[in-house]
Structure formats: C-alpha cells, structure tokens
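Structure record follows, encoded as structure tokens.
The values are calculated or read from the model by the stated rules, or taken from the named source; none is laboratory data. Because the structure is a prediction, the values reported are computed rather than measured. Virtual Cβ from ideal backbone geometry, glycine too; neighbours counted across all protein chains shown.
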Amino acid sequence: MEKLVIEGGAKLQGRVRISGSKNASLPVLMAAIMADSDVILENVPRLKDIHTTLNLLTLLGCRSGFQEDGVRISSGNLVPEAPYDLVRTMRASVLCLGPLLARLGRAKVALPGGCAIGSRPVDQHLRALEQMGAVFELDSGYIVGKCKGLQGARIIFDLPTVGGTENLLMAACLARGETVLENAAREPEIVDLANFLNACGARISGQGTSVLRIIGVDSLRGCRYRLMSDRIEAGTYMVAAAISGGCLELTSCPVNALDAVMAKLREMGVNFNIENSSVRVEASESLNGVDVVTLPYPGFPTDMQAQIMALMCVAQGTGTIRETIFENRFMHALELNRMGARIRLSGQQAVIRGGADLVGAPVMASDLRASAGLVLAGLRARGKTEVHRIYHLDRGYEAMEQKLKAVGAKITRQKE
C-alpha cells in the first residue's frame, strides 16, 4: 500500500500535457475484439484499469499490449468467459458482454465490481440485448448469455446509461439489420467509440445525439486510431491551478468536451485563455461559491464533483452541490471536513460554506475522483496532508504526482 504526502501552499506554474482518456480507452479496447485483424490504438494512458483490461483481453484469447506505436490488439482465438477475479476490480469489464455476444454468440461475464460510489446495475444492458435476441441466466455470480445471431431492434433506454449505450452500440455493429438506440447517452467518449467503430467498417450515425442508428455489417476490420484526451483529467488540473492560486497551461486539452466544467469555473472566478487544444488556466484573486447539479453529458459531470467541492471549500460565500447520478458519492466530504472544510450533507445535497482555512491531515480516499479531490485540497492546505488508498487514484490518473511535481507541487509517493 502507498500514500501521497503533500506539503501545501505551493502555487502551481507551468505546463501539463493531458493524457489519453481512460473512459474512452476502455470501451474501445473491448470493441477491438470484434475486429478480424489487428487494431492499433494511440494515446492510450498507462493506468491500472488499462492494464487490467489488457489482462482481461489476454484471458479472452487476444494478444494485446503496449508497443512503440501504441497498444496493439489481435483478437486471435476468442473465448467467451470474463472471470470474476478481474471483473470484480473494474466495472467496465462488463463492456465485453456485447462484443462477445456479437462475435461468438455466447458470453459468460462475472457481475461487475468497482468503486463504492453507489449501485450501477446492468439491467438496462441485459433488457436491451434481450430485445436483440439474446437470452440470459444468472449462474453463480456470472451473467451467461447466448444468441443465434443478434437482430437489430429499436431500443429505448429508461435513463441515459453510458455503459449500456456502449455495450449496445458495439453489439449492434454485427447484428442483422438496423438498430436504433433512443435516449442514448451523449458523452464524448461514446462519440469516440462510434468513430473508432466506423473506422473499422461499422455504419453508425447520430453520435453526439440521444438517437444512434446502427446498420449491422458482416464483419469489422482492424485499423489505427488515436483516442481523445481525458476531459476529467483536464478538469482536475484546471481546479489544481485555481485552488493553488497558480497558473497552468494545459496541452492536448479536449476543450470542446469541457463546456459545463469551464462554465462553472468561470462563474467561480477562474480565467481561461484558449488557443486550439491549449488552455491557460488562472484563478482570479477572489473565488466565489456556486451551485452545481451533476447531470449526464452535456451537463456538469459527476466525475468532477469531488474536485469542484474542494475548490468551493476555499472560495468565498456558500455554494451547493446536488448529486443526481450516484447515491453514495459524498464520502470525500467527511474527509474534507477533517481538513477544516465546512460541508453539511443532506441526502443528495452538499452545502459548502466557503472561506475555509484548510489544514493538512491524514485522509482516506473512497473512490477514484474522491482521491483527486483530496489531493487538490492538500495542494492548498497548510502543513502536511497524507492521502491514503491511492490505488484508486492510479486507476484513472496517469503519473499524477510526477505531473504535479513538475509544476511546483511538493508531493511524494511513500510506502504506508
């Protein structure tokens, strides 16, 4: 076990390159098993979740791994089982369900695990795949699915679901006829997945809207594809510049995917200078509290909730955050209060009384984005902050302490 130790008070100055998107990479890696020739993916971040996915692909019969020109995947002799030991560590593993059914007509996937931020059921995935002809049963903690070839269908999701949209989008590419996905999620990572699949020979239209149309094809071919940069990592470093009172230039930044985040940060008093994919971020002398509601894209992302909460702790005035995506995603608030924050929780709403003089303390990360929020608070706090359970952080941020150290943060990784 390792921890991050942060001596707060340094104003961050310099340049940070934003890594490839974790949330775009994971479904694209799964989709690669549908191609009948090699796939080469560029801009894949070196993260724990990525290595877990590559291990899963190996168990599914693929040859995959990092090479000089990117991550190369060869689907080889596929087997239909995703074992519990891997799936339990990462919820995105369930995204192999649709591709396996489409390619092999059968799949056995363990019920997923992941962060403890609330229930994220896969029932919408299963109901939609059943409409396409799949049959499922639950066997000793595994989802066992079979089909005699998937058939296109009109599918209306009860709620926009990112994983469900991705699973069905992949499955529909090799189904017979046309599939229409309505009330689909609109996240930029889904657009990236659709663009990758189209590069492999799929026929998808409507990406970026709530209605996706997919005309099935007989097979998909391999291709070379460059993944988008990580919008949540970019948003996190925007907050890092603001909370430290510094100035950062973010390169390879997916500006167009950050409208809601940048709008709220501007409202708080953060200044931006945008030039193509480079963004200069600088806080004004006085930050103000704001009201935030997490929503599906293009709304404010739940994955930025912990980070903006940390910033609101040191802003002036009172702000609120209402979490509408996950029911158990305020655990970091209690840790921030241990550092001197003044946060009151009431159900799915947090009221943050700003102007706190944060003081370093030992804190415990409960999930990936909570880890980031606590690190950001540590950058501002007086004295030493120790962030424990940083294995969560390693799932989603590439070389975070090295990037922060390079722009002036006093941060080290230590053994517990």
| task | Could you grab me the full set of residues in region 365-416 that are more than 17 Å from SER19 (Cβ to Cβ) and aromatic (Phe, Trp, Tyr)? | result | TYR391
| said: Checking the condition over 30 Å from ASP69 (Cα atoms) and free of Cβ contacts under 8 Å to residues at least 12 places away in the same chain, which residue from PHE157, PHE136 passes? | reply: PHE136
| task | Could you grab me the full set of residues in region 199-223 that are over 13 Å from ALA31 (Cα atoms) and among the basic types (Lys, Arg)? | result | ARG203, ARG213
| query | Got a number for residues in region 345-365 being within 19 Å of ARG413 (Cβ to Cβ) and not β-branched (Val, Ile, Thr)? | reply | 5
| Residues of region 270-300 being in contact with a Ser or Thr (Cβ under 7 Å, 6 or more places away or on another chain), closer than 25 Å to THR324 by Cβ and not β-branched (Val, Ile, Thr), which ones? | GLY289, ASP291, LEU295, PHE300
| remark: Among SER284, SER277, the single one that is hydroxyl-bearing (Ser, Thr, Tyr), surrounded by fewer than 21 Cβ atoms within 10 Å (Cβ to Cβ), touching a helix residue (DSSP H, G or I) at 6+ places or on another chain (Cβ under 8 Å) and in the same structural domain as ALA356 (by TED's automatic domain parsing) is SER277
| said: crowded, with 19+ Cβ neighbours inside 10 Å, in contact with a Cys (Cβ under 6 Å, 6 or more places away or on another chain), closer than 30 Å to PHE300 by Cα and not acidic (Asp, Glu): which single residue out of LEU197, LEU212 fits that description? | reply: LEU197
| task | Taking ALA306 as the residue in question, decide whether it is in the same structural domain as GLY246 (by TED's automatic domain parsing), under 20 Å from THR236 (Cα atoms) and in contact with a His (Cβ under 6 Å, 6 or more places away or on another chain). | result | yes
| In this structure, is ILE190 under 18 Å from the mean Cα position of the chain (by Cα), of a type outside the set (Asp, Glu) and closer than 30 Å to HIS392 by Cα? | yes
| request: For residues that are within 23 Å of the chain's Cα centre (by Cα) and of a type in the set (Lys, Arg), scanning just region 310-349, find the one that is modelled with the lowest pLDDT. | output: ARG329
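Can you name every residue in region 400-409 that is in a loop (DSSP other than H, G, I, E, B) and either out of contact with any Lys or Arg (no Cβ under 8 Å at 6 or more places or on another chain) or buried (at least 19 other Cβ atoms within 10 Å of the Cβ) (or both)?
Result: VAL407, ALA409.
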| query | Could you say which residue among LEU368, LEU404, LEU379, LEU374 is modelled with pLDDT of 95 or more, within 18 Å of TYR237 (Cβ to Cβ), touching a Gly at 6+ places or on another chain (Cβ under 7 Å) and of a type in the set (A, V, I, L, M)? | reply | LEU379
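Here is a yes/no grid of residues against (1) in contact (Cβ under 8 Å) with a residue 24 or more places away in the chain; (2) more than 15 Å from the chain's Cα centre (by Cα); (3) more than 21 Å from GLY396 (Cα to Cα):
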| site | (1), (2), (3) |
| --- | --- |
| SER25 | yes, no, no |
| ASP38 | yes, yes, yes |
| LEU41 | yes, yes, no |
| ASP49 | yes, no, no |
| THR53 | yes, no, no |
| SER64 | yes, yes, no |
| Could you list, in sequence order, the residues of region 258-275 that are touching a residue at least 12 places away in the same chain (Cβ under 8 Å), not in a strand (DSSP E or B) and not charged (D, E, K, R)? | LEU258, ALA260, VAL261, MET262, LEU265, MET268, GLY269
| query | Going by the conditions given, is ARG353 within 21 Å of the chain's Cα centre (by Cα), farther than 25 Å from VAL16 by Cβ and among the basic types (Lys, Arg)? | reply | no
